[in-house]
1. Give the calculated FRET efficiency between LYS149 and ASN183 to the nearest 0.05, with a Förster radius of 22 Å applied to their Cβ-Cβ distance.
2. Any chance you could run the full-extension gain for HIS87 through ASN195? It's 0.36 nm times the residue separation minus the Cα-Cα distance, nm to one decimal.
3. Enumerate the calculated ³J(HN,Hα) couplings along segment 219-229 in order (Karplus 6.51 cos²θ - 1.76 cosθ + 1.60, θ = phi - 60°), each rounded to whole Hz, writing x wherever the residue is Gly or Pro.
4. Based on the Cβ-Cβ distance of ASN100 and ARG230, what FRET efficiency does E = 1/(1 + (r/R0)^6) give at R0 = 30 Å, to the nearest 0.05?
5. Could you compute the FRET efficiency for GLU156 and ILE50, with r as their C-beta to C-beta distance and R0 at 51 Å, rounded to 0.05?
6. Straight-line reach from LYS149: which aspartates and glutamates have a Cα under 18 Å away, not including same-chain ones fewer than 8 places off?
7. Determine, for each peptide in 96-107, 43-54, the mean count of other beta carbons within 10 angstrom over its residues, then list the peptides with the highest first.
8. Could I have the simple spin-label model distance between LYS208 and GLU108, label points 7 Å from Cα toward Cβ, reported in nm to one decimal?
Amino acid sequence: MNISIISANLMRMAMLIDIIDYIRFSYEHFINAFSSMPYRRLPNTDLARIRAMKKALEKGKETPPPSMAYSAKSLLRLQKFLPLFEHNIQLHKLALASQNAKSKIYNEAFQKAKIYITHFLRVMNMAVFRGDLPVETRVYYGLPTNELKVPLINTEKELIAWGRRIIEGEELRLQRGGSPITNPTIAVVKVRFENFLEVNNLRQDLIKKAKNFSERTSDMRKEADEIILRIWNEVEEHFSSLPDDVRKIECEEYGLVYVLRKSELIKIATRTVDDNTPK
């Protein structure tokens, strides 16, 4: 490509970047110039949602109905919803805590079952290698006869598949008159394997419960946000005739959260500097 064309393209890109920066600066200047009031910040965490609803509920209970800043309908909806929301979040936390607490037990059961299964196969392979068992013995466990490798077992799915395959294969071999493999016997392997299955089933139940509570909490968040938004809108409308500074204080009594705009922060900082400057 011609160098002059590349240079022209680079210049156009630089000009475009300058234009974008100017537009962004102009937009921010416009917003800050004409928006002196703080803006609302709706809660975006479960803790903040609960805090906002509790504040509105407490204020609603202690305020006479004629003086209350939001509707009785919203109050009734809030009274019914808040305990359910808190309870579901608590159940979700408990399910996660139980799941984490059982993780160590699960890992230990997994490792124990894995060790016994792999040791059983190693003992069988050694017997085949010595000639105590025919090489066809490996077929009972779903293993090839032309090698003496132990299958890799790194996942829950692999452990369950190989555990069942080996237990069923050994039981079939014994039924056909084969001599039992010992140290460990298949009975001991089966105990360790079934213990893992029991622990794993419990773990899966806990995972399912935690998932269900998480999904329910996610659905309830939407209703929580609707309730909070409705109450905040009603409160602001109730105090709309008051001066801005007074309205802000009154609204905050109902749990509304306001954040200062950039222009307000600059004004406060400038005012502070002016106040501290020697006259």
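A short reminder: the numbers here are calculations on the coordinates, not readings from a lab. Please read all numbers here as calculations on a predicted model, not as lab measurements. Positions of Cβ are backbone-derived with ideal geometry, glycine not excepted, and every protein chain shown enters the neighbour counts.
1. The calculated FRET efficiency here is 0.60.
2. 35.6 nm
3. Residue by residue, segment 219-229 yields 5, 6, 4, 4, 5, 4, 5, 5, 5, 4, 4 Hz.
4. After rounding, the FRET efficiency stands at 0.25.
5. In this case the efficiency is close to 0.90.
6. ASP132, GLU136, GLU158, GLU170
7. Final packing ranking: 43-54, 96-107.
8. Simple spin-label model gives 2.6 nm for this pair.
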